[in-house]
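In what follows, a structure is listed as structure tokens, so that the remarks can point back to it.
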Amino acid sequence: MKKYPLFINFETMRLGLTLIFIHWMYTVTLFCQSKRHLHEIHCDTTHFYFESYKDSLDDYVFKMGLKKNLITNDERLKLAFYIALNRYPELHKTRITLRHKNINSTMQAQPSPEFIFKRKNKRAYKIFVNNNPRRTGINYQELSFEGLVGWIGHEFAHLIDYNTMNNRALLGFIAGYIFDKKTMRRTERNADRETIKRGLGLQLLDGVAFFEKNNKISESYRNRKQKNYLSEAEIMLDIKRNCAP
Ligand SMILES: [Zn+2]
């Protein structure tokens, strides 16, 4: 008589444990999917959320706004610009203009053309943000705020690179970038690596992940990106390499 309830209890317990196990597996799977980056990277996990930082824009402008001209009404873009700039102290006193332009990539960084007539320390730079998504298939406004920070961080890495070159070297570099595919690949991958070194690896990853899963992107832009920039796996590896031991 006593064995029967015990058997029920045992079966109930086994069913309960199975349900708990399934629930646990489901939760772990969901966690891994939603926090994939955090799950695999155990350091450098700073995150920037627009809502948390939007009240800091005036402070950022006060701290880094000297010689900066942001010709845009997009508050997200302005804030992303300053959050990324915060990681590049060498550029805080550099003249930088950001404006929208019809270009064949999402963003582009270049010296102002009159640099040839100026001293290196008086050089000004421009960052263009594409305002014609039909050309590339990607609308920068669809990027997450973090993705935007990472993308601008990559453009600042180019400016750091340009800043090391005198006028003649910069002219040679521009010619090389246009005509030599290897120069373009090396430059873009180095800019990605510099962005990661500045602690914006997760943000860069966010932008690349958005790019990878966006099926509206033009074939030529996708090919260019895959050939010349770090992949998601390479970015994750590089972030880990930069982690403190
Ligand atoms: Zn670039």
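No lab work stands behind these numbers, since they all come straight from the coordinates. Note that the structure is a prediction, hence the values are computed from the model and not measured. Because the Cβ atoms are built from the backbone with ideal geometry, glycine has one as well, and the counts that use them run over all protein chains shown.
Report yes if some residue within the stretch 156-163 is more than 14 Å from the ligand (Cβ to nearest atom), assigned to a helix (DSSP H, G or I), touching a residue at least 40 places away in the same chain (Cβ under 8 Å) and in contact with an Asp or Glu (Cβ under 9 Å, 6 or more places away or on another chain); otherwise report no. Spell out the reasoning first.
Looking only at the stretch 156-163, we keep the residues that are more than 14 Å from the ligand (Cβ to nearest atom), and these are 163.
When the remaining residues are screened for being assigned to a helix (DSSP H, G or I), the result is 163.
In the following step, the residues that additionally are touching a residue at least 40 places away in the same chain (Cβ under 8 Å) were identified as 163.
Checking which are in contact with an Asp or Glu (Cβ under 9 Å, 6 or more places away or on another chain) leaves us with 163.
Scanning the stretch 156-163, I find at least one residue that is more than 14 Å from the ligand (Cβ to nearest atom), assigned to a helix (DSSP H, G or I), touching a residue at least 40 places away in the same chain (Cβ under 8 Å) and in contact with an Asp or Glu (Cβ under 9 Å, 6 or more places away or on another chain), so the answer is yes.
Of the numbered conditions (1) buried (at least 17 other Cβ atoms within 10 Å of the Cβ); (2) touching a residue at least 60 places away in the same chain (Cβ under 8 Å); (3) among the polar types (S, T, N, Q), residue 105 satisfies every one except a single condition; which is it?
For residue 105, the exception is condition (1).
Out of all the residues in the stretch 82-100, which are of a type outside the set (Gly, Ala, Ser), closer than 17 Å to residue 72 by Cα, within 20 Å of the chain's Cα centre (by Cα) and surrounded by 15 or more Cβ atoms within 10 Å (Cβ to Cβ)?
Residues of the stretch 82-100 that are of a type outside the set (Gly, Ala, Ser), as a first pass: 82-83, 85-100.
From what is left, the residues that are closer than 17 Å to residue 72 by Cα are 82-83, 85, 95-100.
Applying the additional criterion that residues be within 20 Å of the chain's Cα centre (by Cα) yields 82-83, 85, 96-100.
Hits for the stretch 82-100 are 82, 83, 85, 96, 97, 98, 100.
Anything in the stretch 175-207 that is in contact (Cβ under 8 Å) with a residue 60 or more places away in the chain and not basic (Lys, Arg)? List them, or say none.
At the first step, the residues of the stretch 175-207 found to be in contact (Cβ under 8 Å) with a residue 60 or more places away in the chain are 198-203, 205-207.
The answer is 199, 200, 201, 202, 203, 205, 206, 207.
Please work out which residue is surrounded by the most Cβ atoms within 10 Å (Cβ to Cβ), limiting yourself to the stretch 189-245 and to residues that are among the aliphatic types (A, V, I, L, M), part of a helix (DSSP H, G or I) and out of contact with any Asp or Glu (no Cβ under 8 Å at 6 or more places or on another chain). Even if it seems obvious, please write down each step before you answer.
Taking the stretch 189-245 as the starting set, the residues that turn out to be among the aliphatic types (A, V, I, L, M) are 191, 196, 200, 202, 204-205, 208-209, 217, 230, 233, 235-237, 239, 244.
Keeping just the survivors that are part of a helix (DSSP H, G or I) gives 191, 196, 200, 202, 204-205, 208-209, 233, 235-237, 239.
Among the residues that remain, those that are also out of contact with any Asp or Glu (no Cβ under 8 Å at 6 or more places or on another chain) are: 200, 233, 237.
Working: 200: 31, 233: 8, 237: 15.
Once the filter is applied, the top-ranked residue is 200.
Which one is farthest from the ligand (Cβ to nearest atom) among residues in the stretch 91-121 that are more than 28 Å from residue 204 (Cα to Cα) and charged (D, E, K, R)?
Looking at the filtered set, the residue picked out is 119.
Determine whether the stretch 156-173 contains at least one residue that is within 15 Å of residue 230 (Cβ to Cβ) and of a type in the set (Val, Ile, Thr). Reasoning before the result, please.
Step one: filter the stretch 156-173 for residues within 15 Å of residue 230 (Cβ to Cβ), giving 157-158.
From what is left, the residues that are of a type in the set (Val, Ile, Thr) are none.
Scanning the stretch 156-173 turns up no residue that is within 15 Å of residue 230 (Cβ to Cβ) and of a type in the set (Val, Ile, Thr).
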